[in-house]
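Data first, discussion second: the structure below is written as structure tokens.
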Amino acid sequence: MTPRTTVPASTTVPASTTVPASTTTGRTATTPTRWSSPDSPQFATSVLRQRASVLFVADIPAQAAFDDLIAANRTYAQTFELAGFDGVARAGVAMVTCMDSRIDPLGMIGLSPGDAKILRNPGGRVTDRALVALVLGVNLLGVDRILVVQHTRCAMASASEPELHRRLSAATGEDTSWLTIGVTIDQVASIKEEVAKVQAHPLIASSVAVGGFLYDVDTGLLDQVI
């Protein structure tokens, strides 16, 4: 089913535009249509669809891509033990760490689901939203210890901003210079800065323990920096 497109009254399009014969909208292909008036809604809608390069594939359900994960979830649910859990951090722990798939945030410190609040992003940075989560965790969800954890061989610390932009542009075919990636030049200095952000927040009490750590992805060891 093709979604409706609303065309603003101010939209202008060239009168000579033709809808290509190869345009598809899922199950069927449309035939070339040449609208007699560029002011007609049908004409503008067709042009906007072309410019957006939207392809609808109605015959291939998106859900199929997740079938194996849903099947695994059904197995997981058979021994699910957190029903009725109130969502507090049972071990009083919150961790801000990187999205890197080599990191097992709970396993590395001997915890289990339900024990901690885990916040992840590229590089393990204390962003504004991470700070909001920490404030909620400390004041409403039982958090009294906060770990800021970065790691060795992190892409965010091993390449410059321009280099990552070059790689992104090569992968996407688009100019990515508008995107702020936020690489880390000095991880030790960065960890100290991130810890200071947490400690300085007016809604995070000084009684909350805040530590900065570097995790070694090749040994599994966690070293405290501050």
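Read-outs: derived from the displayed coordinates by stated rules, not from any lab. Remember, predicted model here, so these are calculated numbers, not experimental data. FYI the Cβ positions are ideal-geometry reconstructions off the backbone, even for glycines, and counts take in every protein chain you see.
Take the Cα of Tyr76, step 7 Å toward its Cβ, do the same at Leu222, and the gap between the two points is 2.1 nm.
Please tell me the relative contact order of segment 51-178 in percent, rounded to the nearest whole number, where contacts are Cα pairs under 8 Å and at least six residues apart.
Numbers: 127 pairs, mean separation 32.1, N = 128.
Relative contact order here is 25 percent.
Which of the GluC sites (Glu not before Pro) found in segment 118-226 are in a DSSP loop and have at most 13 neighbouring Cβ atoms, other than their own, within 10 Å? Working shown, then result.
Details: sites: Glu163, Glu174, Glu193, Glu194; in loops: Glu174.
Those satisfying the criteria are Glu174.
Stokes-Einstein diffusion for segment 86-196 at 4 °C, viscosity 1.567 mPa s, with a Kirkwood radius from C-alpha pairs, works out to 85 µm²/s.
Note on segment 111-174: Rg/Rh from Cα positions, Kirkwood definition for Rh, rounded to two decimals, is 1.12.
Under the combined filter of DSSP loop state and at most 14 neighbouring Cβ atoms within 10 Å, segment 145-226 retains these chymotrypsin sites (Phe, Trp or Tyr not before Pro): Trp178. Counted over segment 90-147 with a bin width of 5 Å, the fraction of Cα pairs per bin, in whole percents, is 5, 20, 31, 25, 17, 3, 0.
Computed about the Cα centre, the dipole magnitude for segment 89-162 is approximately 60 debye when only Lys and Arg (+1) and Asp and Glu (-1) carry charge, each at its Cβ.
I need the fraction of alpha carbon pairs in segment 170-222 separated by more than 14 Å, rounded to a whole percent.
On the way: 962 of 1378 pairs.
The share of Cα pairs beyond 14 Å in segment 170-222 comes to 70 percent.
From the C-alpha coordinates alone, can you work out the Kirkwood hydrodynamic radius of segment 136-226, in Å? Working shown, then result.
Values: mean 1/r = 0.0657 Å⁻¹.
Its Kirkwood hydrodynamic radius stands at 15.2 Å.
Placing unit charges on each Cβ (+1 for Lys and Arg, -1 for Asp and Glu) gives segment 116-226 a dipole about its Cα centre, and among Leu164, Ala200, Pro122 the Cα reaching farthest toward its positive end belongs to Ala200. Put simply, when 71-78, 108-115, 94-101 are sorted by average Cβ atoms within 10 angstrom per residue, most first, you get 94-101, 108-115, 71-78.
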